[in-house]
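Written below as structure tokens is the structure these notes are about.
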Amino acid sequence: MVNRIKENMIGNGQGLPFVTQDKLDATNANVNAANDKIGILQKKQKWIDIVEDYAADPTGSQDSTQKIANAVSFAQNNNLPLKIPSGVFLADVTFENIKVKGEGQERSHIKGKVTIGSNVSIDNVKMGDTGKVFTFKNNTDNSNLDKCYITGGDSGAIIYLNDSKVTNVTFFRCKIAGNVSGGNGVKIVDKGTNEKHYENIIFDRCLFEKNDRMNFECIQREDPNVNVVLGYRNINLIQCIFRPPTLSNTDSINVSYDSHLLTDGTKRSSGYSKIIDCQIDGGNYALEVAGAIEMIIKDNEIKNGTTFLLSFSQVANEYCNSIIANNKFIGAKDVVIQGSDNQVFGNTINTSGRLRFNPAKSNLVVGNKVICSGATAVSLEGASEMKFSGNHLYGGTSQTVLNIQATSLNNSFIGNWLYNTNVAFDTRDSTTLILAKNYYQTNGFYSLRDDVESVTSLPAAAAKYRGKQLFLQAATGVGDGLFICRRLSDGSTYEWKQLDL
């Protein structure tokens with residue numbers, strides 16, 4: 001008996017330590033847990049499934065925040081991707097350093113607040129709910145979303161907070177839709193410091209729709225406590241579709257970029273972004289660019305703004321240096337371009353509004369086609385040193401093709417086509433207006449006018465004046481007129497023919 005007890009105490013006489021049943025049970029539990037972990041790793045190999053492996057509720061009836069958090073933690077720790085199967089999951093989730101894959105942007109729905117950090121890839125997942133926004137951790141970098149559906153939210157379905165820094169994020173083939181209660185699809189607020197800044201944010205082939213206030217808003221706002229040293233840049237929209245916002249009030253702008261001056265007042269702080277090959281339809285302003293500089297707006301179709309098709313607002317002499325090229329503007333309202341040193345070329349503007357430069361300086365306007373069915377085609381209001389060349393301008397019935405107000409100085413129009421069906425094709429209220437080699441059509445009659453001379457009376461028609469045009473400044477009570485000298489069919493007689501001015 002003594003020996004038997006002794007053997008048990010020393011491990012059956014093998015020199016092994018004495019083991020209690022409690023310790024043995026604990027050891028077995030640890031082994032089982034390890035086996036479970038190994039089993040998951042062996043079984044999944046590619047994905048951690050939040051339902052199959054962590055029992056998240058796919059019916060949307062129970063909160064799954066903690067279960068999904070556990071799945072995320074395990075996937076991160078083991079460098080494995082995460083699977084979101086079909087279903088609705090009530091959860092507020094944070095993703096960082098992880099790859100997440102769903103089964104379709106209409107099928108796998110995380111119905112809650114989603115926050116992402118750096119090095120995140122999300123594919124085919126729906127995210128968000130009323131009051132539950134999609135947003136970013138501070139210092140987020142190098143994250144991508146593909147074929148995702150982001151909805152709901154508050155002031156924005158996607159919000160870049162104004163106390164954060166986010167760089168190098170791409171939304172590819174995503175849907176940003178369904179934000180209500182006066183909210184935006186995307187809201188970016190940049191405070192213009194190294195710590196509160198947004199750069200290299202790309203929306204590529206995304207759909208924006210059913211967002212109440214604005215589909216897309218990018219704002220530069222000064223921090224009252226910190227100097228503005230830079231602003232947002234490379235916030236790019238590429239081949240995106242923007243359908244009309246829900247609201248029709250004055251806040252319902254479809255796409256908006258806004259900027260402010262740097263603290264030292266030298267120039268605007270932000271812009272440097274591209275809007276390329278997008279379809280922008282509707283809104284009070286279809287497209288608003290307020291103060292942003294060095295923008296590229298190219299190859300877009302912009303239509304049906306209820307107040308403006310484009311409001312490109314700047315101060316006349318303020319640096320802008322933007323490109324507005326090869327766009328199609330369609331609708332009943334104006335295209336307004338302001339600021340200095342812009343290049344405006346290759347656009348087609350088909351509207352009952354007009355193309356207005358109000359105010360502007362040193363813009364190069366080349367190769368545009370402006371068809372204005374109900375108004376003056378082009379209006380210069382406080383514009384100076386503008387250069388127009390190779391444009392085709394069509395004025396509305398009983399409207400001037402070109403209206404240059406007295407506040408516009410030192411502008412040149414060389415080699416343009418101006419078309420009109422009834423009355424004057426230009427007014428010249430300004431100083432130092434250069435008109436040369438422009439082609440005009442009025443009532444089907446074409447003429448070439450080269451540096452038209454103004455006279456108070458017409459000289460006798462003669463061979464030496466053949467083809468020459470004179471602008472007759474008539475006496476009080478008689479309207480001005482534009483005349484061309486032509487030879488009659490007899491081959492020897494000449495007359496002055498008025499060109500329906």
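The values are calculated or read from the model by the stated rules, or taken from the named source; none is laboratory data. Predicted model only: the values in this text are computed from it and were never measured. Cβ: placed from backbone, ideal geometry, glycine included. Neighbour counts: every protein chain shown. Only protein heavy atoms, including side chains, enter the accessible area calculation; ligands, DNA and RNA are left aside. Shrake-Rupley method; radii C 1.70, N 1.55, O 1.52, S 1.80 Å.
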Under the Karplus curve 6.51 cos²θ - 1.76 cosθ + 1.60, θ = phi - 60°, whole-Hz ³J(HN,Hα) for the range 75-85, x wherever Gly or Pro sits: 4, 5, 5, 10, 6, 10, x, 10, 9, 10, x
R221 - accessible surface, heavy atoms, 1.4 Å probe, Å² rounded to 10: 100
Calculated FRET efficiency for the pair R466/N304, C-beta based, R₀ 56 Å, to 0.05: 0.70
With DNA, RNA and ligands ignored, accessible area of I201 (1.4 Å probe; Å², nearest 10): 0
Gain on full stretching of the segment that runs from K46 to T348 - 0.36 nm per residue minus C-alpha separation: 103.6 nm
Whole-Hz couplings from phi, Karplus 6.51/-1.76/1.60, listed for the range 266-281; x for Gly and Pro: 6, 6, 5, 8, 9, x, 6, 10, 10, 10, 10, 6, 9, 10, 10, 10
Long-range tail of P(r) for the range 293-368 (Cα pairs > 15 Å, %): 49
Whole-angstrom gap from the range 57-112 to the range 276-300, using each part's C-alpha centre: 36
Modelled FRET efficiency - R0 22 Å, V226 with T266, Cβ distances, 0.05 increments: 0.80
Surface accessible to a 1.4 Å probe, F345 within the full protein complex, Å²: 70
Given K147/K187; K267/K298; K83/K210; K387/K464; K196/K303, the pairs whose alpha carbons are separated by over 26 Å: K83/K210; K387/K464; K196/K303
Segment L458-S492, extension gain: residue separation times 0.36 nm, minus the distance between their alpha carbons: 10.3 nm
Å³ per residue enclosed by the Cα convex hull of the range 36-167: 95
Solvent-accessible ranking of Y285, Y319, largest area first, probe 1.4 Å: Y319, Y285
Nitroxide proxy distance, nm - points 7 Å out along Cα→Cβ at N194 and N138: 1.5
Quotient of Cα Rg and 2.2 N^0.38 Å for the range 178-281, N being how many residues it contains: 1.11
Listed residues S492, S340 arranged by accessible area, highest first, probe 1.4 Å: S492, S340
Shape category assigned to the range 273-431 from the gyration tensor of Cα positions, a/c cut at 1.5: oblate
By accessible area with a 1.4 Å probe, ligands and nucleic acids excluded, highest first: order of H109, H392: H392, H109
Computed FRET value (nearest 0.05) for T130 with T407, which takes r as the C-beta separation and R₀ as 35 Å: 0.10
